[in-house]
């Protein structure tokens with residue numbers, strides 16, 4: 001590869017994975033990395049907004065069911081901050097039907113259920 005190729009290749013899309021379950025976070029990380037994304041794991045919902053802003057993520061995968069602060073609360077905080085207000089957020093949950101289409105009303109771009117369909121997951125673009 002030419003030394004200049006790195007300058008002509010687009011940078012991979014940075015994805016913040018906000019997930020408190022280490023095994024799920026690692027699975028998402030590996031699937032996204034294999035697909036050419038640049039994933040960053042954030043395992044605390046309490047510090048998620050600050051870490052997302054610091055990471056420069058271009059899209060966020062946000063678990064709904066987390067301790068101390070749930071995904072709905074994190075999404076509200078993301079939408080309240082100027083630096084993250086317009087950031088695309090896809091909510092993730094093990095309990096898809098319980099949340100229905102509420103995500104559309106609160107500013108999320110989508111909802112994905114565990115176990116993921118990898119094709120659906122890697123089709124994420126900001």
- Label-point gap, in nm, between residue 53 and residue 81 - each point 7 angstrom along Cα→Cβ: 0.5
- Message: Once you place label points 7 Å from the Cα toward the Cβ at residue 46 and residue 30, how far apart are they in nm?
- Response: 3.0
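Laboratory data are not the source of any read-out in this text; all were calculated from the coordinates shown. All values derive from a computational prediction rather than experimental measurement. Neighbour counts run over all protein chains shown; Cβ positions are idealised from the backbone, glycine included.
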